[in-house]
Amino acid sequence: MSEASLAIAVPPFDVPRHVAIIMDGNGRWAAARGLPRVEGHRRGVEALRRTVRAASDIGISVLTIFSFSSENWSRPPAEVRELMSLLRRFIRHDLADLHRSHVRVRVIGEREGLDPDIAALLLEAEELTRENERLTLVVAFNYGARQEIARAAQRVAAEVAAGRLTAQGVTAEVLGRYLDASDLPDPDLIIRTSGEQRLSNFLLWQAAYSELVFLPIYWPEFDRAALEGAIVEYRRRERRFGGLAAKTGS
Ligand code: FPP
């Protein structure tokens with residue numbers, strides 16, 4: 001779809017505020033071409049760059065990407081090492097560009113146990129870009145939704161134990177405030193590539209009313225046209241948030 005047609009198909013007033021993406025299928029993309037899996041991940045980083053640019057152009061406010069899950073540690077050590085070094089390279093090479101493009105980087109997931117240099121890079125990216133306002137890029141790294149909810153519950157339990165909160169005071173709204181990026185809106189649209197149709201422990205709490213779009217392409221093939229296509233599909237959905245009347249997003 002061209003930029004001109006997007007202007008008609010997705011007017012600014014109906015762009016989802018928060019789009020979250022499960023970037024799946026790097027390995028299968030590579031295997032289909034007789035390439036090593038790592039080549040799929042490398043091409044996945046290129047797709048990520050395209051997507052950040054497109055999201056910013058389209059006017060999306062928050063883009064969350066699932067870049068390494070709590071469960072990905074169980075992959076072969078060489079692949080885990082490659083994913084870690086791709087993250088390092090992504091931040092070292094792209095951080096200045098992201099900053100110039102007014103992208104604010106946020107990171108969700110468990111920081112404890114990460115290599116100290118990775119933890120430092122993540123912090124540097126967040127601190128450098130803290131004031132940027134064009135697009136918030138949320139990098140879910142060493143992230144699992146159940147772990148995030150459990151961490152929030154631990155912090156809430158500590159508040160109750162300290163007498164600062166009553167057990168009855170632990171409502172969904174209160175627990176939600178202890179999640180990793182509770183100041184950001186919930187995703188309006190969650191996209192998963194590769195044809196798999198599940199959430200795989202991604203944003204389980206925040207996805208309560210998200211529209212889910214599953215695309216039959218591998219992540220390295222993802223581009224602006226694919227993002228626009230998913231947004232067109234999102235606009236066809238009627239979001240009711242548990243009520244009866246159609247409402248627009250968040
Ligand atoms: C899924 O493909 C993708 C991942 C596990 C990681 C996503 C990583 C990138 C796009 C590149 C790294 C980017 C950063 C910022 C670290 P898969 O390996 O599960 O593919 P498969 O299901 O076909 O095997």
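The values are calculated or read from the model by the stated rules, or taken from the named source; none is laboratory data. Everything numeric in this text was worked out from a predicted model, so none of it was measured. FYI the Cβ positions are ideal-geometry reconstructions off the backbone, even for glycines, and counts take in every protein chain you see. Ligands, DNA and RNA are excluded from the accessible area calculation, which covers all protein heavy atoms including side chains. Shrake-Rupley method; radii C 1.70, N 1.55, O 1.52, S 1.80 Å.
Scan the range 1-35 for residues that are open to solvent by less than 40 Å² (accessible area, probe 1.4 Å), in a helix (DSSP H, G or I) and at pLDDT 95 or above and jot them down.
Of everything in the range 1-35, those that are open to solvent by less than 40 Å² (accessible area, probe 1.4 Å), in a helix (DSSP H, G or I) and at pLDDT 95 or above turn out to be N26, G27, W29, A30.
From the list A207, A153, which one is in contact (Cβ under 8 Å) with a residue 12 or more places away in the chain, assigned to a helix (DSSP H, G or I), closer than 18 Å to I60 by Cα and of a type in the set (G, A, S)? Can you show your working first?
Details: A153 fails: closer than 18 Å to I60 by Cα.
Checking each option against the conditions leaves just A207.
Name every residue in the range 86-105 that is within 13 Å of the ligand (Cβ to nearest atom), open to solvent by 30 Å² or more (accessible area, probe 1.4 Å) and either farther than 15 Å from N142 by Cβ or touching a Gly at 6+ places or on another chain (Cβ under 7 Å) (or both), in order of residue number.
Result: R89, R92, H93.
Condition check: within 16 Å of the chain's Cα centre (by Cα) and in contact (Cβ under 8 Å) with a residue 24 or more places away in the chain. Does L212 satisfy that?
Criteria not met by L212.
Taking the conditions exactly as written (open to solvent by 50 Å² or more (accessible area, probe 1.4 Å), under 16 Å from the mean Cα position of the chain (by Cα) and under 30 Å from S56 (Cβ atoms)), does E110 satisfy them or not?
yes
Out of all the residues in the range 201-217, is one or more of a type in the set (S, T, Y), within 13 Å of I21 (Cα to Cα), at pLDDT 95 or above and within 13 Å of the ligand (Cβ to nearest atom)?
no
Failed condition for T136, given (1) in contact (Cβ under 8 Å) with a residue 60 or more places away in the chain; (2) more than 16 Å from the ligand (Cβ to nearest atom); (3) crowded, with 16+ Cβ neighbours inside 10 Å, with all others met?
Going through the list (1) in contact (Cβ under 8 Å) with a residue 60 or more places away in the chain; (2) more than 16 Å from the ligand (Cβ to nearest atom); (3) crowded, with 16+ Cβ neighbours inside 10 Å, T136 breaks only (2).
Find the residue count for the range 36-69, including only residues that are part of a helix (DSSP H, G or I) and open to solvent by 30 Å² or more (accessible area, probe 1.4 Å).
Qualifying residue count for the region: 10.
Among the numbered criteria (1) surrounded by 16 or more Cβ atoms within 10 Å (Cβ to Cβ); (2) closer than 13 Å to I21 by Cα, which one does Y178 miss?
(2)
Do we have F141 as within 11 Å of the ligand (Cβ to nearest atom), part of a helix (DSSP H, G or I) and either surrounded by fewer than 16 Cβ atoms within 10 Å (Cβ to Cβ) or not β-branched (V, I, T) (or both) here? Walk me through it before giving the result.
On the way: within 11 Å of the ligand (Cβ to nearest atom): yes; part of a helix (DSSP H, G or I): no; either surrounded by fewer than 16 Cβ atoms within 10 Å (Cβ to Cβ) or not β-branched (V, I, T) (or both): yes.
No: the conditions fail for F141.
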